[in-house]
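Undergrad: To start, I am sharing the structure in question, which I have written as structure tokens.
The values are calculated or read from the model by the stated rules, or taken from the named source; none is laboratory data. Since the model is a prediction, treat every value here as computed from it, not as a measurement. Virtual Cβ from ideal backbone geometry, glycine too; neighbours counted across all protein chains shown. Ligands, DNA and RNA are stripped out before the accessible areas are found, and what is left, the full protein with its side chains, is counted by its heavy atoms. Shrake-Rupley method; radii C 1.70, N 1.55, O 1.52, S 1.80 Å.
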Amino acid sequence: MKIDAKRSDDLSRVAMVADQAWIKWGASAADLATGAKLKWFDTSERDAAIAWARDG
């Protein structure tokens, strides 16, 4: 995941979809570095991730 520091304020929600659980930890760490809310979703929850990101 790469977020340009100049653009990070443009994001309100970022849904991360992955099958590796360690990425969930990375989402928590990245949440602290950006103004956006980040949330991890398992690959089986792709549609829920898209809906969550759009609702923001």
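Undergrad: Which value in nm describes the separation of the simple spin-label points at D19 and A51, placed 7 Å from the Cα toward the beta carbon?
TA: 2.3
Undergrad: From largest accessible area down, sort R13, R54, R46; use a 1.4 Å probe on the protein chains.
TA: Numbers: R13 75, R54 195, R46 135 Å².
So, going from the largest accessible area down, we get R54, R46, R13.
Undergrad: Further question on the same structure: Where does the charge balance sit around W52 when Lys and Arg score +1, Asp and Glu -1, over other residues with C-beta under 12 Å from its C-beta? Present the calculation step by step, with values, prior to reporting the outcome.
TA: Working: positive: R13, K37, K39, R46, R54; negative: E45, D47, D55.
For residues surrounding W52, the net value is +2.
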